[in-house]
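Asks: Have a look at this one before I ask anything.
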Amino acid sequence: MSGAPTGLELYDRTAQAAAAAVISRYSTSFALACRLLGPRPRPHVRNIYALVRVADEIVDGPGEDAGLDAAAQRQVLDDLETETYRAIAQGFSANLIVHAFARTARECGIGQDLIEPFFRSMRVDITTHEHDPSSHDAYVYGSAEVVGLMCLQVFVNAGQPHPAPAPGDLVEGARRLGAAFQDVNFLRDLDFDEDALGRDYLGIDTGTATRTAVLDRIDADLAAAAAMVSALPADCRRAVTAAHDLFAELSMRLRREGETARARVRVPDPVKARLAARAWLGLAPRGARAS
């Protein structure tokens, strides 16, 4: 009869629980979508988002609130990236969140080609306050698209003996879904980003972009991503559909507010529950069509 886990198995489970706690504290919507994942990919996706959230918090307020200036934030971020690579190579970290992520990276084939652009975008938040279309696209790739690609690596590789690259059509879908999520969040947080963080990601305040143009791009990205969901492993489709439909709902509500709106738009809990139930029933993402 097997007893309670000990040694590395216990440490792995504890790290995984720590990652799940980060997500439950920071994002009820994401935590809901994660519950729709099958048990094979679920802990790995939580591990990814926990590390992403910790890195994001270094540059998005808590670090500064703790008294870190820009140079200190950069150093903490650099140290976190270095520890991430070390943990992937060694299979262990004293940082529970890094340890959880490294376990996922090793099993699912998440390499430096995805991790490095993410940390690069986090550093951009320390030094860059206004973006043009080119810098926006580079930032979104590192801050959101590669996170989608990390999750895709989990979807296709979790539980497999040897990780392999994801198919190209799924790569495109993951990138476009990540980009849509990020741009929706930028639109929702225009005032906070400007007033609290001094950032303009979209160029709306400088006149290089319009709210309508951004929403058109978001809806095109959501439609392209929706067309790829049916090609995902079955134990991932419900969660991706729920997340897609939540952001499609946000996009619709943002568009309804008009070109000059600044208030933060949210989806009421009963609507979130309806979208989750729809996904649980196995329905296709809203707006899904052949690519």
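The values are calculated or read from the model by the stated rules, or taken from the named source; none is laboratory data. Model, not experiment: these values are computed from the prediction. Cβ sites come from the backbone with ideal geometry, for glycine too, and all protein chains shown count toward neighbours.
Asks: Find the helices (runs of 4 or more DSSP H) located wholly in the range 161-276 whose residues include 1 or more that are within 22 Å of GLY287 (Cβ to Cβ), and list them.
Replies: Numbers: elements: 168-188, 190-195, 211-226, 234-257.
Correct list: 168-188, 211-226, 234-257.
Asks: Follow-up question, since we're still on this one. Among ARG274, ARG264, ARG278, ARG217, which is modelled with pLDDT of 90 or more, surrounded by fewer than 20 Cβ atoms within 10 Å (Cβ to Cβ) and within 20 Å of the chain's Cα centre (by Cα)?
Replies: Answer to the selection: ARG217.
Asks: Is there any pair linking a residue in the range 276-291 that is under 14 Å from ALA243 (Cβ atoms) to one that is assigned to a helix (DSSP H, G or I) and modelled with pLDDT under 95, with Cβ under 7 Å and at least six apart or on different chains, and which?
Replies: ALA276/LEU32
Asks: Among the residues of the range 88-137 satisfying the criterion of being among the basic types (Lys, Arg) and surrounded by fewer than 22 Cβ atoms within 10 Å (Cβ to Cβ), which is nearest to ALA166 (Cα to Cα)? Outline the logic, then answer.
Replies: Narrowing the range 88-137 to residues among the basic types (Lys, Arg): 103, 106, 120, 123.
In the following step, the residues that additionally are surrounded by fewer than 22 Cβ atoms within 10 Å (Cβ to Cβ) were identified as 106, 120, 123.
Details: ARG106: 16, ARG120: 23, ARG123: 28 Å.
Applying the filter and picking the extreme gives ARG106.
Asks: Could you list, in sequence order, all residues of the range 128-175 that are within 17 Å of ARG199 (Cα to Cα), within 18 Å of the chain's Cα centre (by Cα) and free of Cβ contacts under 8 Å to residues at least 24 places away in the same chain?
Replies: Listed by number, the residues that qualify are ASP137, ALA138.
Asks: Can I ask one more? Name the single residue, out of those in the range 83-138 being part of a helix (DSSP H, G or I), acidic (Asp, Glu) and touching an Asp or Glu at 6+ places or on another chain (Cβ under 9 Å), that is nearest to ALA209 (Cα to Cα).
Replies: That would be ASP125.
Asks: Could you list, in sequence order, all residues of the range 131-179 that are farther than 20 Å from ALA223 by Cβ and among the acidic types (Asp, Glu)?
Replies: Matches in the range 131-179: ASP132 only.
Asks: In the range 222-267, what residues are over 26 Å from MET150 (Cβ atoms), in contact with a Lys or Arg (Cβ under 6 Å, 6 or more places away or on another chain) and free of Cβ contacts under 8 Å to residues at least 60 places away in the same chain? Spell out how you get there, then give the answer.
Replies: Taking the range 222-267 and keeping what is over 26 Å from MET150 (Cβ atoms), we get 252-266.
Now restrict to residues that are in contact with a Lys or Arg (Cβ under 6 Å, 6 or more places away or on another chain): 259, 264-265.
Selection gives GLU259 alone.
Asks: I want to confirm something. Restricting to the range 10-20 and keeping residues that are closer than 22 Å to CYS34 by Cβ and free of Cβ contacts under 8 Å to residues at least 60 places away in the same chain, which single residue is surrounded by the most Cβ atoms within 10 Å (Cβ to Cβ)?
Replies: Taking the candidates together, the pick is ALA20.
Asks: May I pose another question? Just one of the numbered conditions (1) surrounded by fewer than 17 Cβ atoms within 10 Å (Cβ to Cβ); (2) over 19 Å from the mean Cα position of the chain (by Cα); (3) not aliphatic (A, V, I, L, M) is not true of ARG255; which one?
Replies: For ARG255, the exception is condition (1).
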